[in-house]
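Below is one structure; the comments refer to it alone.
The values are calculated or read from the model by the stated rules, or taken from the named source; none is laboratory data. These figures come from a predicted structure and were not determined experimentally. Quick reminder, even Gly has a Cβ in these numbers, built from the backbone with ideal geometry, and neighbours come from all protein chains shown.
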Amino acid sequence: MKFSEFNFTPELMDGLNAMGFETPSPVQELAIPEIIADKDLICCAQTGTGKTAAYLLPVMDKIQKNKIDGFSTLILVPTRELAMQIDQQMEGFGYFVSITSLSVYGGGDSSVWDQQKRGLMEGADVVIATPGRMISHLNLGYVNTTKLKHLILDEADRMLDMGFYEDLMQIVNHLPKERQNLMFSATMPSNIRKLAGTMMTDPESINIAISKPAEGVLQAAYMVYPEQKIPLINTLLTDKDIKSVIIFSSTKLNVKAITKDLKKHKFKAAGIQSDLEQKEREEVLRDFKNRKYQILVATDIIARGIDIDSIDLVINFDVPRDAEDYVHRVGRTARAETEGVALTFITPKDQIDFKKIEDLIESEVYKIPVPAELGEAPEYNPKSRPAGKRKFVKKKNLKKK
Ligand code: ADP
Ligand code: MG
């Protein structure tokens, strides 16, 4: 299949060519015709499958063909990084098209606010926003939403994880009832279906390889004791031609500690987590993309959805508590059909969580023996930990207080 079969406007096709897009990805092939046909759509496909273009292209095409002018499209996203990334992709596709876009996200000083306000009042065609900030603007009454035609929720699952449900509902109340709703998500938990049920009319549904890491990712794991993790990274990266590595950790405290440890071992590493200012985050990401840093240490929320090409290696420094997060982390490598490697460090107390991941992805991840020089390592035996032990400990602590 070719992009030309969608009959996009010549200007949009020029943009596609400039971006180097030749053939549509499977999600694009399925989603684009539905969107052109004005259907509501729930699209569930793993990270890296090309969901952004799947909605940007048909929506831009419609705006251009129907000569729609003014605020017609609202894209809601969980993080500012994602908003910026989508805006960039839109600029690429839209290079030969006169469609205006505006990102609206939190942080920044009053000049940023004023700029967003101005853009909203002028009626940018496409607004890409995080929910909290969008509501703040909407509540002040100067945003004209009467022409809105497309509402897009990108990374809907993550927005709900981050507690944006009420915000989303509030935003929807500001919009005309007659509109096209498009929802994109890497996973489809029940709360997403509920959300879809309340805001969509008879949606089409596209589901692609749910909860399976992209093909082309080589997955493996190490059973380790906590103190073996940093030495193991050291062994894995030393004297190898590995240019870009993302290390995931669940908490920002861990991100800071790991980054510090890596720097101590002379690695070019930088951490990114929610304590950083917007500017600092952008800088870190840019420097990582430009290969100034070999290693980016990140929390799930920050790294989710960020598109960085050619990651050679993903390391899960800890086992994600939510099995779906594993799929997202692993999806950071092997984007758009390249190859990549994802390694997970499992400590004895994480075994049961890891077993849940293996159940979810319906395959057993190969456990590589820890190099002998790092000392004796634990064995993988997910049944060995008494069920509920952690809970019991927590309860005891609570009583003490
Ligand atoms: P998702 O939102 O599903 O995680 P993205 O939309 O971020 O995925 O796309 C992942 C990467 O693949 C991006 O770098 C994007 O530019 C690239 N990509 C998407 N579709 C195509 C295509 N049809 N041809 C070439 N590259 C593509
Ligand atoms: Mg995406």
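Overview of results
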read-out: Tabulated pairs, the stretch 32-59, first on the phi < 0 side of the Ramachandran plot and without any contact (Cβ under 8 Å) to a residue 60 or more places away in the chain, second acidic (Asp, Glu) and more than 7 Å from ligand 1 (Cβ to nearest atom), C-beta under 8 angstrom, 6+ apart or interchain; value: Ile36/Asp61
read-out: Test: Pro33 is within 16 Å of ligand 1 (Cβ to nearest atom), under 20 Å from Thr201 (Cα atoms) and of a type outside the set (Ser, Thr, Tyr); value: yes
read-out: Helices (runs of 4 or more DSSP H) wholly inside the stretch 147-234 containing at least 2 residues that are in contact with a Phe, Trp or Tyr (Cβ under 9 Å, 6 or more places away or on another chain) and either among the aliphatic types (A, V, I, L, M) or within 16 Å of ligand 2 (Cβ to nearest atom) (or both); value: 156-161
read-out: Filtered residue count, the stretch 80-123, keeping only those that are within 23 Å of Asp275 (Cα to Cα), polar (S, T, N, Q) and either part of a strand (DSSP E or B) or within 16 Å of ligand 2 (Cβ to nearest atom) (or both); value: 2
read-out: Residue under evaluation Ala298, criteria (1) within 15 Å of the chain's Cα centre (by Cα); (2) at pLDDT 90 or above; (3) more than 16 Å from ligand 1 (Cβ to nearest atom), criterion not met; value: (3)
read-out: Scan of the stretch 45-71 for residues that are away from ligand 2 (no atom under 11 Å from the Cβ), buried (at least 22 other Cβ atoms within 10 Å of the Cβ) and assigned to a loop (DSSP other than H, G, I, E, B), ordered by number; value: Phe71
read-out: The stretch 180-210, residues that are at pLDDT below 85, within 13 Å of ligand 1 (Cβ to nearest atom), of a type outside the set (Gly, Ala, Ser) and crowded, with 17+ Cβ neighbours inside 10 Å; value: Thr187
read-out: Every residue from the stretch 216-239 that is of a type outside the set (A, V, I, L, M), surrounded by fewer than 20 Cβ atoms within 10 Å (Cβ to Cβ), in contact with a Leu (Cβ under 9 Å, 6 or more places away or on another chain) and farther than 17 Å from Ala372 by Cβ; value: none
read-out: Where Glu155 falls short, out of the listed (1) crowded, with 20+ Cβ neighbours inside 10 Å; (2) touching a residue at least 60 places away in the same chain (Cβ under 8 Å); (3) more than 16 Å from ligand 1 (Cβ to nearest atom); value: (3)
read-out: Condition met for Val77 (among the β-branched types (Val, Ile, Thr) and within 14 Å of ligand 2 (Cβ to nearest atom)); value: yes
